[in-house]
Amino acid sequence: MAMVTMPAVLSVAVPTVASAADQPARAVAWASTTNSASPATSLSAVRSIIGADTGAAAALTGKGIGIALIDTGVAPVPGLPASSVVNGPDLSFESQAPGLRYLDTYGHGTHLAGIIVGDDKDTGTRGIAPGAKLTSIKVGTASGAVDVSQMIAAIDWTVKHRNDDSTHPIRVINLSYGSGGNPPNWSDPLQFAVEKAWQSGIVVVAAAGNDGNAVGKLTNPAADEWILAVGAAATNGTVTTTDDTLTAFTNLSTAGNQVDLLAPGTSITSLRDPGSNIDNSYPDARVGTSLFKGSGTSQATAIVSAAAALLLQAKPGASPEQVKDWLIKGGTFLPNGKAATMGLLELNVNGALGRAGTTVAKATWNPSSGTGTLEAARGSSHVMLDNLALNGERTVWGPMITAQWAPKSASQTAWSGGTWMGFRITGDDWTGTSWASKTWAAATWTSVAWSTNKTWTDPAWSGRTWSGRTWSTGAWTGRTWSSDEWSAASWR
């Protein structure tokens, strides 16, 4: 099938990503790619496809399990109960605008949140793990501006605070992004961060990427051998798996870690974020007034993250290695195309439950030292401030030496209250206010950013407000960003 790939276009000057080499920017590959003729796949259909609506799996909801969604935030849309969502710290550039803080101005995070914990009574749209508790950690803005240092800080925070909610400890991290870099896996700081999360007992689920079967590598951190790398299966509009195939847009690797597991990833119908970037850009992806279609390894990753929560509810003592092994080996064989020849299996929750309890060897992959460069992790994608690229060994908030960060990350001391590696980024505790059931406090960034004359002490926003459920565009004054927007974005 011919694939349709379109850039996400936002007509206002807002924080976003740009490539120093004028290549497609991909600081975060949240964006999806899809076939415009692909029939919608409801979450009810997804449950049938992955074997979550029959047998022992049918009684599971993810109750007692926390899932961290490191993404573009979550909007208070119908079908997303406030009791199911916690707003962790907003680490995005939009955190400095009170009217945007925690909210999903792009639309991606809300779509994934619906897949995981949605419960829309009006349409019957119900997430795969509606009993789980979702912690949203916002790092992306309306146009995708995010640096790899923000991703790393978000993962560090999640590990540090995984047990804050004793009734729903965070056992799963959903990473539906890929950095623009292809660094050595033995020293990459982003891979080091996800490995430390894994070793702390968190199942890390990452999107393989939407660059195509021939790209030859998975996006980072899905390229890390420790964690669970997810590709997308085409459902072809049916609930049987006999006609499911590997999507042409899923990244495959010719060396290193390969896709571990497939999950439905074409035209998945989930919650709409009215007035968000994707909602304005792709009105033909709307399904009724409250739902939206999206395709990609992002959606497939959210489905697997929710399935991991179901498995952990059934087997709360399971290690990440066990969950990964049971999910992979319990999958359904797909008889057609590359999935068949490569032996890639599609998620089957009952199949995983059937393997639960089997012996799984402890992982022995070589770990990352974490001492590689931030610049290598970024690759060709850089955020830009007044035409100045953030590059080299600098975070969004100031300089950082990874050799000093790595031991702090490993000992979970990189964060102290709302300070990460000495930079004040957020407030110190769960004392913020938002629509969600619980919210981490905010703070003003006062440290020097990536140029000695550029700081975040006075970001002025005008014309941007969130009114009810509608995002109203306007201009960001005082600071300008340049960008070629998010790459490979198509929602239909």
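The values are calculated or read from the model by the stated rules, or taken from the named source; none is laboratory data. Keep in mind that what you see is a predicted model, and the values were worked out from it rather than measured. Cβ atoms come from the backbone with ideal geometry, glycine included; neighbour counts cover every protein chain shown.
I want to confirm something. Restricting to the stretch 360-380 and keeping residues that are in a loop (DSSP other than H, G, I, E, B) and among the small types (Gly, Ala, Ser), which single residue is nearest to residue 57 (Cα to Cα)?
So in the stretch 360-380, the residues in a loop (DSSP other than H, G, I, E, B) come out as 360-373, 379-380.
Now restrict to residues that are among the small types (Gly, Ala, Ser): 361, 363, 368-370, 372, 379-380.
Values: 361: 25, 363: 27, 368: 36, 369: 39, 370: 38, 372: 42, 379: 41, 380: 43 Å.
That would be 361.
Is it fair to say residue 89 is of a type outside the set (Val, Ile, Thr), surrounded by fewer than 24 Cβ atoms within 10 Å (Cβ to Cβ), at pLDDT 95 or above and touching a Phe, Trp or Tyr at 6+ places or on another chain (Cβ under 9 Å)?
Numbers: of a type outside the set (Val, Ile, Thr): yes; surrounded by fewer than 24 Cβ atoms within 10 Å (Cβ to Cβ): no; at pLDDT 95 or above: yes; touching a Phe, Trp or Tyr at 6+ places or on another chain (Cβ under 9 Å): yes.
No: the conditions fail for residue 89.
Would you mind finding the one in 52, 45 that is of a type in the set (A, V, I, L, M, F, W, C) and in a loop (DSSP other than H, G, I, E, B)? Break it down stepwise before answering.
Values: 45 fails: in a loop (DSSP other than H, G, I, E, B).
Going through 52, 45 in turn, just one is of a type in the set (A, V, I, L, M, F, W, C) and in a loop (DSSP other than H, G, I, E, B): 52.
Specify which of the listed residues (156, 104, 165) is surrounded by fewer than 24 Cβ atoms within 10 Å (Cβ to Cβ), in contact (Cβ under 8 Å) with a residue 60 or more places away in the chain and either in a loop (DSSP other than H, G, I, E, B) or basic (Lys, Arg) (or both).
Every option except 165 fails the conditions.
Condition check ((1) touching a Cys at 6+ places or on another chain (Cβ under 7 Å); (2) within 18 Å of residue 299 (Cβ to Cβ); (3) assigned to a strand (DSSP E or B)) across all residues:
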site	(1), (2), (3)
185	no, no, no
196	no, no, no
204	no, yes, yes
211	no, yes, no
218	no, yes, no
223	no, no, no
226	no, no, no
237	no, yes, no
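Would you confirm whether or not the stretch 213-226 contains a residue that is under 26 Å from residue 79 (Cβ atoms) and not hydroxyl-bearing (Ser, Thr, Tyr)?
Narrowing the stretch 213-226 to residues under 26 Å from residue 79 (Cβ atoms): none.
Within the stretch 213-226, not a single residue is under 26 Å from residue 79 (Cβ atoms) and not hydroxyl-bearing (Ser, Thr, Tyr).
In the set 383, 396, which member is touching a helix residue (DSSP H, G or I) at 6+ places or on another chain (Cβ under 9 Å), surrounded by 21 or more Cβ atoms within 10 Å (Cβ to Cβ), in a strand (DSSP E or B) and not polar (S, T, N, Q)? I'd like the intermediate steps shown before the answer.
Working: 396 fails: in a strand (DSSP E or B).
The unique qualifying residue is 383.
Just checking, how many residues over the stretch 92-101 are assigned to a loop (DSSP other than H, G, I, E, B), of a type in the set (A, V, I, L, M, F, W, C) and crowded, with 24+ Cβ neighbours inside 10 Å? Before you say what the answer is, go through the steps one by one.
Residues of the stretch 92-101 assigned to a loop (DSSP other than H, G, I, E, B): 92, 97-101.
Cutting the leftovers down to of a type in the set (A, V, I, L, M, F, W, C) gives us 97, 100.
In the following step, the residues that additionally are crowded, with 24+ Cβ neighbours inside 10 Å were identified as 100.
Of the residues in that region, 1 qualify.
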